[in-house]
């Protein structure tokens, strides 16, 4: 299942499930009313129970969506829709036009949230269930509702539900469009942020090189020539100058080493994420505990994204959160998951506009196809979780 | 070698926001007979103020400095004293300098190429 949902605005999906729930609940009540007024057969109650299970299923879908269990939610939505479609088609063959629309709902709902393979599988499921529904309707296993329901009622139900359900489908198409457009927009923004961040970083490196090592080395080149001149006329002074220059050269080498390390930590490319993060945590301003399980080697861009994410999270914890310690967990057992938990002040994500640091982390992980979630509450620290497939 | 007072010495001023370069030039000029460092300035503005009092003959002016920058300061200095020998210096390649610096009518020397013989030939060229 596509993990991009966290990065996607899923309010539209919640709205859709709510509308669907209300419609289906009203239909269940309607069926019970019809049983005791116009169509006096208990098959109508069987109908009502079938539709009622969808109400329960949709309620569960809502809860799962709120808890971020999108995969389960969408599967349940499809299963409930398809089951009720088959049951209703078998009991009331005259509702077949309505059933054919209900069958399409699951595949429409999942469009913005799943990868192509799952969309295709759901599409094939839709075709299969539609064949079953039509066959069930043709078999006439039950004839009471068909026989007892007056023509006007059958026509009214079809007349009411066909346009109504088509409206619901349209809402879904619109929702999918908005969601995909937003994803495209997010990707565009993230891409330009990544380019800008990379340029900013190169400018910083140029400044650091120019203002640091280059200035020192330039001055050393001039003084080296002076010392050379002095070797014959004033050897003692030349020796003193050379000694001074040796110290300054050592400082320049140190500066260059730090700078090179900042550009790309050598341990990360040589030994991988586990050792690089352990080394980085030893240099951190706060105490860091690392738990790593089955961490192997990954694509260089994935290792670098996770590494800088951990570094950024540690820096944020020390700088903004007032933390004294942090826990880093890295788990390579199923894809690559990681989390950084600090004991700092935390914040309210709904009230804090994502700063450059948080956006940077989201962009980096997003660029390698992963997801990042930020779990923070004022007063109870911050946990940043990431997963790369 | 302790520099003796040489009344005919070429007076040199160095202008750079980096003290490491000013120190290196001071060390260089100190060893050169016939040259004397008369001023060190950390910005173009400071150089203009200083130059009116000390009127150096040779000015080593860094191109990139906060404030007015080296080229603008050189223009002001030349306007006050057309005879002043102004040499622009920086760590950049000449090709990486802004067009206005490349077009400016000043000699340009890479900082790391600044040696006693460079300074002597610059002064000789200017006087000759």
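Bear in mind that the values in this text are calculations on the coordinates, not laboratory data. In this text, all values refer to a predicted model and were calculated from it rather than measured experimentally. Because the Cβ atoms are built from the backbone with ideal geometry, glycine has one as well, and the counts that use them run over all protein chains shown.
In segment B:5-23, which residue that is without any contact (Cβ under 8 Å) to a residue 24 or more places away in the chain and within 14 Å of chain A (Cβ to nearest Cβ) is nearest to residue A:217 (Cα to Cα)? If you could, list the steps in order and put the result at the bottom.
Going through segment B:5-23, the residues without any contact (Cβ under 8 Å) to a residue 24 or more places away in the chain turn out to be B:5, B:7, B:19-20, B:22-23.
Those left that are additionally within 14 Å of chain A (Cβ to nearest Cβ): B:19-20, B:22-23.
Values: B:19: 13, B:20: 10, B:22: 13, B:23: 13 Å.
In this case the residue turns out to be B:20.
Residue A:221: surrounded by 15 or more Cβ atoms within 10 Å (Cβ to Cβ), at the interface with chain B (Cβ under 10 Å from one of its Cβ atoms) and farther than 30 Å from residue A:112 by Cα, yes or no? Lay out the reasoning, then the answer.
Working: surrounded by 15 or more Cβ atoms within 10 Å (Cβ to Cβ): yes; at the interface with chain B (Cβ under 10 Å from one of its Cβ atoms): yes; farther than 30 Å from residue A:112 by Cα: yes.
For residue A:221, the condition - surrounded by 15 or more Cβ atoms within 10 Å (Cβ to Cβ), at the interface with chain B (Cβ under 10 Å from one of its Cβ atoms) and farther than 30 Å from residue A:112 by Cα - is met.
Among the candidates A:252, A:156, A:176, which residue alone is more than 14 Å from chain B (Cβ to nearest Cβ), in contact with a helix residue (DSSP H, G or I) (Cβ under 6 Å, 6 or more places away or on another chain) and surrounded by 11 or more Cβ atoms within 10 Å (Cβ to Cβ)?
Values: A:252 fails: more than 14 Å from chain B (Cβ to nearest Cβ); A:156 fails: in contact with a helix residue (DSSP H, G or I) (Cβ under 6 Å, 6 or more places away or on another chain).
Just a single option satisfies the conditions, and that option is A:176.
Quick one: would you say residue B:37 is more than 19 Å from residue B:125 (Cβ to Cβ) and within 14 Å of another protein chain (Cβ to nearest Cβ)? Steps first, please.
Working: more than 19 Å from residue B:125 (Cβ to Cβ): yes; within 14 Å of another protein chain (Cβ to nearest Cβ): yes.
Against the criterion (more than 19 Å from residue B:125 (Cβ to Cβ) and within 14 Å of another protein chain (Cβ to nearest Cβ)), residue B:37 qualifies.
For residue B:58, indicate whether it is away from chain A (no Cβ under 14 Å) and touching a residue at least 60 places away in the same chain (Cβ under 8 Å).
Numbers: away from chain A (no Cβ under 14 Å): yes; touching a residue at least 60 places away in the same chain (Cβ under 8 Å): yes.
Yes: the conditions hold for residue B:58.
Listed residues A:211, A:258; which is more than 10 Å from chain B (Cβ to nearest Cβ), farther than 25 Å from residue A:365 by Cβ and either in contact with a helix residue (DSSP H, G or I) (Cβ under 7 Å, 6 or more places away or on another chain) or assigned to a helix (DSSP H, G or I) (or both)?
Values: A:211 fails: more than 10 Å from chain B (Cβ to nearest Cβ).
Criteria check complete, one pass: A:258.
Can you tell which of B:68, B:32 is over 13 Å from the mean Cα position of the chain (by Cα) and within 14 Å of another protein chain (Cβ to nearest Cβ)? Step through it out loud before you land on a result.
Numbers: B:68 fails: within 14 Å of another protein chain (Cβ to nearest Cβ).
When all the criteria are applied, what remains is B:32.
Of everything in segment B:90-111 that's within 14 Å of chain A (Cβ to nearest Cβ) and under 19 Å from residue B:37 (Cβ atoms), which residue is surrounded by the most Cβ atoms within 10 Å (Cβ to Cβ)?
Narrowing segment B:90-111 to residues within 14 Å of chain A (Cβ to nearest Cβ): B:90-93, B:96-97, B:109-111.
Subset that is under 19 Å from residue B:37 (Cβ atoms): B:109, B:111.
Values: B:109: 18, B:111: 23.
Ranking the candidates gives B:111 first.
Of the numbered conditions (1) free of Cβ contacts under 8 Å to residues at least 24 places away in the same chain; (2) away from every other protein chain (no Cβ under 14 Å); (3) out of contact with any helix residue (DSSP H, G or I) (no Cβ under 6 Å at 6 or more places or on another chain), residue A:264 satisfies every one except a single condition; which is it?
Here residue A:264 clears every test but (1).
Residue pairs, Cβ under 7 Å, 6 or more apart or interchain, first in segment A:230-242 and facing chain B (nearest Cβ under 7 Å), second outside any helix (DSSP H, G or I) and exposed (fewer than 13 other Cβ atoms within 10 Å of the Cβ). List them.
Going by the 7 Å Cβ cut-off, the qualifying pairs are A:233/B:1; A:234/B:1.
Which of the residues belonging to segment A:44-78 are over 15 Å from residue A:21 (Cα atoms), surrounded by 16 or more Cβ atoms within 10 Å (Cβ to Cβ), under 26 Å from the mean Cα position of the chain (by Cα) and in contact (Cβ under 8 Å) with a residue 12 or more places away in the chain?
Scanning segment A:44-78 gives A:70, A:71.
Quick check, is residue B:45 away from chain A (no Cβ under 14 Å), within 22 Å of residue A:215 (Cα to Cα) and touching a residue at least 24 places away in the same chain (Cβ under 8 Å)? Talk me through it step by step, then tell me what you get.
Numbers: away from chain A (no Cβ under 14 Å): yes; within 22 Å of residue A:215 (Cα to Cα): yes; touching a residue at least 24 places away in the same chain (Cβ under 8 Å): yes.
Judged against the criteria, residue B:45 is a match.
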